[in-house]
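K.L.:
Handing you a structure now.
The values are calculated or read from the model by the stated rules, or taken from the named source; none is laboratory data. Fair warning: this is a prediction, and the values are worked out from it, not measured in the lab. Here Cβ is always computed from backbone atoms with ideal geometry, including for glycine, and neighbour counts include all displayed protein chains. Remember, those area values only see protein heavy atoms, side chains included, never the ligands or the DNA or RNA. Shrake-Rupley method; radii C 1.70, N 1.55, O 1.52, S 1.80 Å.
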Amino acid sequence: MLLGVLVIVAVLAVVAELVARQVVPATVRSTVVEQLQLPAEHPVDVQVDGILVPQLIAGTLADVRIASADVTVGDFSGDVTAQLQGVPIRADGAAAGGTAEVRMSNEQLRSLLSTIDGFPAETIELAAPNVTASTEIEVLGATIPLGLSLAPSAADGDLVLSPVEGTVAEATVTADQLRGQFGGLLEPLLQDRSVCIASSLPAALTLQSIEVLDDELVTGFDIDGGIIHDPALQANGTC
């Protein structure tokens, strides 16, 4: 008799876990699609570590990972992966926190940088560890091609591109040497260029790092766990 009861309990536990494995990821996916205003059919992969039933009983998911390719929010787009720890099942408390990474292709970066007035975004190329751009300058009636190498960084939540060197007539010189040789002629091109992306993303995400890896621009974010329940953190940030 006892053995039979134990078998039934074990079967129910397995069934409950299988159901949880279907319901929980689907619920998380639906929330992500809604908050990011993605198309209903947009692929979003959700993984929850560990056995789910005990986590559901405790009211907290230990570790949730989300991944989706070609996510576009505002002017910002890329392949997104995010990880949150200590996620409450009911939206009445904060998660422990988390991180996110967005990988942008060359074309996606060009689209983002096209919002900068006067910047040759259409010429942008990724050349680790920097970003390159090209343009032309007029000197004494002559048209001279100019190549720029820009170091990407994060500052106050903005994506910043800082000129580090340039190529003029096949000669490579530092940005300071270019300023010295051409004076104010190149000043508009040799300024740091920044793009605020906060207005395209939930306010809970804070840009922390940027680097070029191979053929992608990789941006890293911290996630405020309050995004689970705080409408202000769920809404887009401001620039």
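K.L.:
Among the residues of the range 40-64, which ones are part of a strand (DSSP E or B) and closer than 30 Å to Gln108 by Cβ?
P.N.:
If the condition is that a residue be part of a strand (DSSP E or B) and closer than 30 Å to Gln108 by Cβ, then Asp45, Val46, Gln47, Val48, Asp63, Val64 are the ones that fit.
K.L.:
Could you check Gly98 against (1) in a loop (DSSP other than H, G, I, E, B); (2) at pLDDT 90 or above; (3) closer than 21 Å to Gly237 by Cα and say which number it fails?
P.N.:
So Gly98 meets the others, but not (1).
K.L.:
Restricting to the range 157-172, what's the tally of residues that are touching a residue at least 12 places away in the same chain (Cβ under 8 Å), open to solvent by 50 Å² or more (accessible area, probe 1.4 Å) and part of a strand (DSSP E or B)?
P.N.:
Within the range 157-172, residues that are touching a residue at least 12 places away in the same chain (Cβ under 8 Å), open to solvent by 50 Å² or more (accessible area, probe 1.4 Å) and part of a strand (DSSP E or B) number 3.
K.L.:
Please give the number of the condition Val160 fails out of (1) more than 30 Å from Ala232 (Cβ to Cβ); (2) modelled with pLDDT of 90 or more; (3) in contact with a Lys or Arg (Cβ under 8 Å, 6 or more places away or on another chain).
P.N.:
All conditions are met except number (1).
K.L.:
Given the options Leu146, Leu150, name the one that is under 21 Å from the mean Cα position of the chain (by Cα), open to solvent by less than 20 Å² (accessible area, probe 1.4 Å) and either polar (S, T, N, Q) or over 30 Å from Glu34 (Cβ atoms) (or both).
P.N.:
Every option except Leu150 fails the conditions.
K.L.:
Do we find a residue being over 16 Å from Phe76 (Cα atoms) and touching a residue at least 60 places away in the same chain (Cβ under 8 Å) anywhere in the range 179-187?
P.N.:
Within the range 179-187, not a single residue is over 16 Å from Phe76 (Cα atoms) and touching a residue at least 60 places away in the same chain (Cβ under 8 Å).
K.L.:
What's the total number of residues in the range 47-79 that are of a type in the set (A, V, I, L, M, F, W, C) and touching a Leu at 6+ places or on another chain (Cβ under 9 Å)?
P.N.:
Residues that pass the stated criteria total 8.
K.L.:
Check whether at least one residue in the range 187-208 is more than 30 Å from Ala100 (Cβ to Cβ) and hydrophobic (A, V, I, L, M, F, W, C), and report yes or no.
P.N.:
yes
K.L.:
Can you pull out the residues in the range 114-139 that are outside any strand (DSSP E or B) and either open to solvent by 40 Å² or more (accessible area, probe 1.4 Å) or modelled with pLDDT of 90 or more (or both)?
P.N.:
Ser114, Thr115, Asp117, Gly118, Glu122, Thr123, Ile124, Ala128, Pro129
K.L.:
Just to check your reading of the model, which residue among Ala82, Ala67 is open to solvent by 30 Å² or more (accessible area, probe 1.4 Å), at pLDDT 90 or above, over 18 Å from Asp215 (Cβ atoms) and assigned to a strand (DSSP E or B)?
P.N.:
Going through Ala82, Ala67 in turn, just one is open to solvent by 30 Å² or more (accessible area, probe 1.4 Å), at pLDDT 90 or above, over 18 Å from Asp215 (Cβ atoms) and assigned to a strand (DSSP E or B): Ala67.
K.L.:
Only residues in the range 195-214 that are under 10 Å from Gly237 (Cβ atoms) and part of a loop (DSSP other than H, G, I, E, B) count as the first member; pair them with residues that are acidic (Asp, Glu) and open to solvent by 10 Å² or more (accessible area, probe 1.4 Å), Cβ under 9 angstrom, at least 6 apart or cross-chain, and list the lot.
P.N.:
Once the first residue is under 10 Å from Gly237 (Cβ atoms) and part of a loop (DSSP other than H, G, I, E, B) and sits in the range 195-214, its partners that are acidic (Asp, Glu) and open to solvent by 10 Å² or more (accessible area, probe 1.4 Å) give Ile197/Asp75; Ile197/Asp158; Ala203/Asp224; Ala203/Asp230; Ala204/Asp222; Ala204/Asp224; Ala204/Asp230.
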